[in-house]
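> What follows is a structure written as structure tokens; I'll ask about it next.
The values are calculated or read from the model by the stated rules, or taken from the named source; none is laboratory data. Every value quoted in this text rests on a predicted model; they were computed, and no experiment measured them. Every residue, glycine among them, receives a Cβ derived from its backbone with ideal geometry; neighbour counts consider all protein chains shown. Just so you know, the surface numbers come from the protein's heavy atoms only, side chains and all, with ligands and any DNA or RNA stripped out. Shrake-Rupley method; radii C 1.70, N 1.55, O 1.52, S 1.80 Å.
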Amino acid sequence: MSGNLWREVWILIGIALASLLLAEITGYPFLIATLGFGLYIASNLRNLVQLNRWLVNKREDVPDAGGLWGEVLDRIRALAKETERREDRLTEMLTRFQSASSATPDAMLILSPQNDIEWANPASERLFGIATPRDSGQRVINLVRHPEFTAYLDCGEYSEALEIASPSQPERSLSVRIIPFGSRQKLVIARDMTHLAQLERMRSNFVANISHELRTPLTVLSGFLETLKDMDRPASTDLRKHFQTMHDQAQRMSRLVDDLLTLSKLETTPATRHEEVVDVPAMLASLKEMGELVSGARHHHISLVADAGLRLTGNEEELRSAFSNLINNAVRYTPAGGDIRLTWKIDCDGPAFGVRDTGGTGLGLSIVKHILLRHDARLAVESELGQGSTFRCIFPAARAVCSASATTAGKPRMS
């Protein structure tokens with residue numbers, strides 16, 4: 001038993017003895033006892049009222065008292081200080097968590113046991129269209145209206161991620177994962193998988209293209225080898241003709257292998273920061289001459305109209321590869337004597353390189369799309385029946401670098 005508790009016991013014994021002594025003197029024992037114990041009870045009630053006032057309004061200091069009440073209040077004061085320290089640590093941790101969640105590109109939602117939105121980080125507005133405090137308290141399925149998401153939320157089995165389209169940007173693909181925590185709460189994390197989805201589509205298209213592209217030269221080579229095998233005494237002119245055809249097809253397969261290596265390099269190496277200023281008009285003039293050499297006896301008419309002062313921020317080697325693939329594609333598929341028109345200008349969409357021909361598509365477009373993706377650009381294709389196709393590489397306006405000559409009207413570079 002503590003000393004303060006004994007102190008309270010002795011106080012009660014003292015009040016009782018004093019009441020008996022005063023009762024002998026005054027002759028009123030009940031009145032004296034009532035006054036003595038009443039004062040003791042009033043003192044305790046005063047301490048109790050002060051404690052209750054502190055519990056209601058904790059901004060005040062813990063009250064002071066003596067005796068057993070003082071011991072109790074000291075312990076309460078120590079617990080209050082420890083609680084305050086814990087709250088400070090939790091506040092600091094919450095602030096750090098909110099800062100980290102604000103910096104992450106992934107959307108994060110905290111849901112109540114009833115699947116109401118309690119909190120959302122800034123990325124949630126971009127990927128889900130959800131923001132707090134605006135949407136706090138809303139049922140999440142009222143804002144993310146996707147049947148598969150509703151079923152996934154209700155099933156309770158979250159070992160596998162869910163792939164859905166973004167509610168706010170349907171062209172974006174999201175990978176959604178739910179993590180239960182706390183008292184039946186849920187943490188919803190959504191990652192933008194658009195880039196990977198685009199790469200997967202490119203890979204699928206590439207497999208289809210490469211299968212088609214390789215089948216043709218292999219069929220030609222197999223046919224000629226079968227013919228040569230069956231000929232008793234082939235004429236020298238026939239041999240030269242067949243060997244030339246087989247050589248052409250072998251070169252075609254060699255180009256396909258080069259394209260495969262280029263695609264593999266683009267897919268396995270990270271995109272670098274494209275900070276160099278590329279002289280696109282000079283590059284296109286060089287590529288035009290190369291296209292004329294490739295055309296050879298087919299005598300395509302290749303023209304170039306380029307804004308002489310318009311340059312581009314990017315990777316020169318990759319841009320040369322993308323543009324040369326489009327030009328080679330046009331030369332390869334445009335009939336002999338056909339027109340191929342190259343343009344480089346800036347319009348309402350931004351700086352754009354265009355190739356207009358009377359041909360088709362090929363494996364080189366996969367390389368072009370990969371390179372454009374690394375330059376935040378896109379490929380637009382316009383086709384007219386019987387008139388051919390126009391391929392446009394459209395870059396963000398922020399990548400354009402215009403010199404003084406670019407602002408001079410009526411002075412494009414033509415060749």
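> Regarding residue 173, is this residue closer than 30 Å to residue 370 by Cα, of a type in the set (Ser, Thr, Tyr) and touching a residue at least 12 places away in the same chain (Cβ under 8 Å)? Steps first, please.
On the way: closer than 30 Å to residue 370 by Cα: yes; of a type in the set (Ser, Thr, Tyr): yes; touching a residue at least 12 places away in the same chain (Cβ under 8 Å): yes.
The answer is yes for residue 173.
> Does residue 161 meet the test of being among the small types (Gly, Ala, Ser), modelled with pLDDT under 75 and out of contact with any helix residue (DSSP H, G or I) (no Cβ under 6 Å at 6 or more places or on another chain)?
Working: among the small types (Gly, Ala, Ser): yes; modelled with pLDDT under 75: no; out of contact with any helix residue (DSSP H, G or I) (no Cβ under 6 Å at 6 or more places or on another chain): yes.
It is false that residue 161 is among the small types (Gly, Ala, Ser), modelled with pLDDT under 75 and out of contact with any helix residue (DSSP H, G or I) (no Cβ under 6 Å at 6 or more places or on another chain).
> Please note which strands (runs of 3 or more DSSP E) are completely contained in the stretch 275-389 and include at least 2 residues that are buried (at least 20 other Cβ atoms within 10 Å of the Cβ). Lay out the reasoning, then the answer.
On the way: elements: 301-307, 310-313, 339-347, 350-357, 378-384.
Once the strands (runs of 3 or more DSSP E) in the stretch 275-389 are filtered for at least 2 residues that are buried (at least 20 other Cβ atoms within 10 Å of the Cβ), what remains is 301-307, 310-313, 339-347, 350-357.
> Ok, one more. Looking at the stretch 106-117, can you tell me whether even one residue there is modelled with pLDDT under 90 and open to solvent by less than 70 Å² (accessible area, probe 1.4 Å)? Spell out how you get there, then give the answer.
Going residue by residue through the stretch 106-117, those that are modelled with pLDDT under 90 are none.
No.
> Collect the residues in the stretch 90-132 that are in contact (Cβ under 8 Å) with a residue 24 or more places away in the chain, charged (D, E, K, R) and part of a helix (DSSP H, G or I), keeping them in residue-number order.
Residues satisfying the conditions are 125, 126.
> Filter the stretch 164-184 down to the residues that are farther than 20 Å from residue 122 by Cα and in a strand (DSSP E or B), then identify the one that is modelled with the highest pLDDT.
Within the stretch 164-184, the match that is modelled with the highest pLDDT is 180.
> If we keep just the residues of the stretch 52-64 that are open to solvent by less than 100 Å² (accessible area, probe 1.4 Å) and of a type in the set (A, V, I, L, M, F, W, C), which is modelled with the lowest pLDDT?
Among those residues, the one meeting the criterion is 62.
> What are the residues in the stretch 65-105 that are modelled with pLDDT of 80 or more, among the charged types (D, E, K, R) and open to solvent by less than 80 Å² (accessible area, probe 1.4 Å), if any?
Of everything in the stretch 65-105, just one residue is modelled with pLDDT of 80 or more, among the charged types (D, E, K, R) and open to solvent by less than 80 Å² (accessible area, probe 1.4 Å), namely 82.
> How many residues are touching a Phe, Trp or Tyr at 6+ places or on another chain (Cβ under 9 Å) and surrounded by 19 or more Cβ atoms within 10 Å (Cβ to Cβ) when one looks only at the stretch 136-161?
3
> Here is a further query. Looking at 400, 336 in this structure, which one is at pLDDT 85 or above and over 22 Å from residue 313 (Cα atoms)?
336
> Among the residues of the stretch 167-181 satisfying the criterion of being open to solvent by less than 70 Å² (accessible area, probe 1.4 Å) and out of contact with any Gly (no Cβ under 8 Å at 6 or more places or on another chain), which is nearest to residue 113 (Cα to Cα)? Walk me through how you get there before you give the answer.
Here is the first cut: in the stretch 167-181, the ones open to solvent by less than 70 Å² (accessible area, probe 1.4 Å) are 167-169, 173-176, 178.
Filter once more, so that each one left must be out of contact with any Gly (no Cβ under 8 Å at 6 or more places or on another chain): 169, 173-176, 178.
Details: 169: 28, 173: 27, 174: 23, 175: 22, 176: 18, 178: 13 Å.
Checked the stretch 167-181; the qualifying residue nearest to residue 113 (Cα to Cα) is 178.
> A further question on this structure: Mind checking whether some residue in the stretch 133-143 is part of a strand (DSSP E or B) and within 15 Å of the chain's Cα centre (by Cα)? It would help to see each step written out before you state the result.
Going residue by residue through the stretch 133-143, those that are part of a strand (DSSP E or B) are 139.
Those left that are additionally within 15 Å of the chain's Cα centre (by Cα): none.
No, the stretch 133-143 has no match at all.
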